[in-house]
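The values are calculated or read from the model by the stated rules, or taken from the named source; none is laboratory data. Please read all numbers here as calculations on a predicted model, not as lab measurements. Here the Cβ positions follow ideal geometry from the backbone for every residue, glycine too, while neighbour counts run over all protein chains shown.
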Amino acid sequence: MKQALNGKRVAILAAAGFEESELSVPRAALQKEGVEVHVVTPDGKGVRAWAETDWGDTYEADKALADASESDYHALVLPGGLFNPDELRINDDALSFVRGFFQAGKPVAAICHAPWILINAGVVEGRRMTSVHSVAQDLRNAGVEWVDEPVVVDSGLVTSRTPKDLDAFNAKLLEELQEGRHSGQHA
């Protein structure tokens with residue numbers, strides 16, 4: 001797969017308080033396959049992770065959100081955690097950035113609480129998805145068929161529940177990235 005993904009670029013959109021493993025593990029899996037990964041943050045500054053029960057490491061940003069465009073990337077990853085998606089779902093620039101991937105039919109992968117961002121971006125109605133259980137009703141209210149499965153793929157949209165599902169999440173993320181644009185992906 002490494003040769004097929006060489007030259008691909010993926011953005012990971014994150015704000016302070018993302019769940020550390022939900023950024024570090026997908027980033028490592030992508031980089032292992034030759035994918036160039038950029039951490040994009042609202043202000044272009046480093047962001048501190050939440051590591052399950054306490055603050056974790058600070059991750060440097062590669063780009064500020066204002067300097068990033070969907071056209072620069074082949075896919076988008078949205079890590080969860082409580083603080084990160086709660087901040088990003090009320091950031092108009094972040095929502096516009098996310099919508100751009102859906103409008104272009106590009107793969108988007110969201111885990112844990114990150115579907116909150118997708119709800120506010122208005123891109124989930126009619127989709128089949130999963131998430132951490134506490135977000136299930138929010139997704140149902142937004143018109144989603146929510147299922148309790150380790151990973152769900154719906155026309156280029158990859159969703160998973162928690163860090164325990166990262167192996168399945170990463171496998172499907174890599175598969176969707178290799179497939180490229182999806183005509184069923186919509187905004």
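Some observations on this one:
- Looking only at segment 102-149, and only at residues there that are of a type in the set (Phe, Trp, Tyr) and without any contact (Cβ under 8 Å) to a residue 40 or more places away in the chain, the one that is surrounded by the fewest Cβ atoms within 10 Å (Cβ to Cβ): TRP146
- Residue ID - modelled with the highest pLDDT, chosen from residues in segment 46-74 that are closer than 18 Å to CYS112 by Cα and hydrophobic (A, V, I, L, M, F, W, C): ALA49
- Residues located in segment 1-34, provided they are surrounded by fewer than 22 Cβ atoms within 10 Å (Cβ to Cβ), of a type outside the set (Lys, Arg) and within 18 Å of SER69 (Cβ to Cβ): GLY7
- Scope segment 58-87; condition farther than 24 Å from GLY7 by Cβ and surrounded by 13 or more Cβ atoms within 10 Å (Cβ to Cβ); matching residues: GLY80, GLY81, LEU82, PHE83, ASN84, PRO85, ASP86, GLU87
- Segment 1-34, subset in a helix (DSSP H, G or I) and closer than 14 Å to ALA75 by Cβ, residue farthest from the chain's Cα centre (by Cα): ALA4
- Here ILE90 fulfils each of the conditions (1) in contact with a Pro (Cβ under 8 Å, 6 or more places away or on another chain); (2) surrounded by fewer than 16 Cβ atoms within 10 Å (Cβ to Cβ); (3) of a type outside the set (Ser, Thr, Tyr); (4) modelled with pLDDT of 95 or more apart from (1).
- Restricting segment 35-83 to residues that are free of Cβ contacts under 8 Å to residues at least 24 places away in the same chain and part of a loop (DSSP other than H, G, I, E, B), the residue that is nearest to the chain's Cα centre (by Cα): ALA61
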